[in-house]
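Engineer: Here's a structure for you.
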Amino acid sequence: MVASNVMEKIVSLCKRRGFVFPSSEIYGGIGGFWDFGPLGVELKHNIKNYWWQTMVRNRDEVYGLDSTIIHNPKVWQASGHTLSFTDPLRECKSCHKRFRADHVKNNQCPECSGKLAEVKQFNLMFETYVGPAKETANKAYLRPETCQGIFTNFSNVVDTVQPKLPFGIAQIGKGFRNEITTGNFIFRDREFEMMELEYFVKPGEDEKWFDYWLKERLKWYTDLGINKKKLRFFEHPKKSLAHYSKRTVDIEYQFPFGWAELEGIANRTDFDLKNHSKFSKKDLRFQDETGKKFYPFVVEPSLGVERIALVLLLDAYHEERDNKGVRVVLQLNPKISPYKIAVFPLLANKPDLVKKARLVFDKLRPVFHTAWDDIGNIGKRYRRQDEIGTFWSITCDFQTLEDKTVTIRDRDTMKQERLAIDKLTKYFENKLSS
Ligand code: ATP
């Protein structure tokens with residue numbers, strides 16, 4: 001399959017089946033904003049739950065947080081964002097379109113071939129006003145990253161959980177960046193969700209923990225079934241590091257439009273805690289068992305929910321040809337797929353079959369996210385479920401009425417087996433935990 005075709009197919013599948021819609025579509029949309037439909041919202045929930053389970057709940061030393069989107073604007077002075085959260089911008093002197101300077105090759109406008117003006121720095125933070133007066137004193141920002149809420153709550157969390165180093169504070173939440181150019185579907189958005197971990201370590205141990213998180217995070221993707229050959233590390237050259245970073249490595253994915261950042265892992269040093277101490281005049285140093293006070297260093301793995309959603313969809317997309325035509329299958333890990341199971345009555349016009357299938361559906365749906373489908377013939381229902389990544393399809397047929405067994409059909413192998421209805425829950429629990 002041609003790479004660019006895959007992207008087109010994913011965009012069309014997402015619209016047709018209710019994963020992603022352009023925001024405010026009835027008004028012509030708004031660049032860089034996307035809404036998630038009935039299946040997309042389930043996919044996003046599953047991604048966030050999986051991240052939270054593996055990064056917070058399965059670990060002894062990581063604690064969760066949910067801070068606000070709007071902070072006291074001093075936060076952004078201390079973090080350096082009001083001055084430095086900028087991208088280089090170049091404007092075309094003819095058509096006045098604006099481009100990120102690092103995304104254009106020469107002095108020519110990629111749209112109209114006009115001449116590009118000199119580079120200016122453009123701050124990506126969205127501005128707003130808090131309260132009824134639109135005065136400079138009330139100016140605030142929509143957060144462009146979630147981690148500052150973690151740094152400002154550092155002492156609160158330390159005082160409540162009394163952790164030892166190393167320990168982490170994790171947060172999932174909305175981020176906003178007024179990107180100069182958006183595009184490639186949900187890859188680069190102006191509103192998106194971030195999953196960030198700030199991992200506090202002893203100074204001097206930061207490089208060791210940085211390497212640890214590189215390995216852990218790469219494994220996270222391969223555990224989800226993402227093709228290892230399409231993942232690689234990109235080491236940021238020293239001269240292009242963000243103002244707070246000692247080292248940054250991106251985990252890149254080979255998108256249809258080329259290799260690009262999926263996740264960023266940064267060694268933020270003690271920059272943030274030190275600066276917040278300076279600006280707030282509150283001592284944000286950590287006191288260890290010996291009574292020594294110091295600023296811990298921070299290793300930060302940071303991932304966008306929309307970005308990984310796109311990767312999962314692209315990586316899972318498969319087409320298979322048989323004598324009935326093309327079978328489109330989203331080979332998503334069942335932990336992530338919007339529906340794990342679909343239940344069908346063999347024939348929708350046989351009340352006995354429908355009643356039995358409904359019983360099976362009601363038994364499974366409180367435990368697993370389960371779909372009901374009784375439209376068209378079984379073949380069509382299988383195709384519809386394959387296309388959205390549903391892992392198992394269960395059919396109640398005439399034999400079910402006699403011996404209380406159903407068929408279970410596997411999405412990837414298309415093999416079928418028969419199982420007693422009262423064994424279904426255990427069967428799926430075992431499959432999902434393996
Ligand atoms: P770039 O250089 O591509 O603008 P960045 O290096 O500024 O990106 P980070 O600050 O490292 O990005 O962001 C951490 C993660 O958040 C990214 O790896 C990505 O998964 C996600 N992310 C960042 N910006 C966006 C965006 N505009 N839309 C969607 N996801 C984003």
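Engineer: Pairs K164/K208; K15/K335; K215/K340; K340/K363: which are spaced more than 20 Å apart, C-alpha to C-alpha?
Structural biologist: Violating the 20 Å limit, Cα to Cα: K15/K335; K215/K340.
Engineer: Which FRET efficiency value, to the nearest 0.05, is calculated for V119 and T425 with the Förster distance at 60 angstrom and r the Cβ-Cβ distance?
Structural biologist: It comes out at approximately 0.50.
Engineer: A further question on this structure: Need the full-extension length gain, W259 to K219, defined as separation in residues times 0.36 nm minus the C-alpha distance. One decimal, nm.
Structural biologist: 12.5 nm
Engineer: Can you list the aspartates and glutamates whose alpha carbon sits under 16 Å from that of K278, skipping same-chain ones fewer than 8 residues off?
Structural biologist: Those aspartates and glutamates meeting the cut-off are D270.
Engineer: Let me ask another. Find the relative contact order for the range 339-433 and round it to a whole percent, using C-alpha pairs within less than 8 Å whose residues are 6+ positions apart.
Structural biologist: 28
Engineer: Same structure, new question: Would you work out the charge dipole size for the range 339-433 about its Cα centre, treating the Cβ of every Lys and Arg as +1 and the Cβ of every Asp and Glu as -1, and quote it to the nearest 20 debye?
Structural biologist: Dipole magnitude for the range 339-433 comes out near 100 debye.
Engineer: Could you sort the peptides 60-68, 410-418 by per-residue average Cβ neighbour count (10 Å cutoff), highest mean leading?
Structural biologist: The packing order, highest mean first, is 60-68, 410-418.
Engineer: Using the structure shown, list the pairs from K74/K134; K93/K139; K380/K415 with a Cα-Cα distance above 24 Å, or answer none.
Structural biologist: K93/K139
Engineer: Please grab the % of Cα pairs in the range 339-433 that end up more than 21 Å from each other.
Structural biologist: 22
Engineer: Here's another thing I want to ask about it. Which of the helices in the chain, when you take each full DSSP H run, stretch at least 15 Å along the axis at their Cα atoms and have an average Kyte-Doolittle score of 0.0 or higher?
Structural biologist: TM-like helix candidates: 305-316.
Engineer: Between D374 and Q399, what is the FRET efficiency for a Förster distance of 22 Å, r being their Cβ-Cβ separation, to the nearest 0.05?
Structural biologist: Approximately 0.75, to the nearest 0.05.
Each value in this text was obtained by applying a stated rule to the coordinates, not by laboratory testing. Remember, predicted model here, so these are calculated numbers, not experimental data. So basically every Cβ, Gly included, is an ideal-geometry build from the backbone, and we count neighbours across all protein chains shown.
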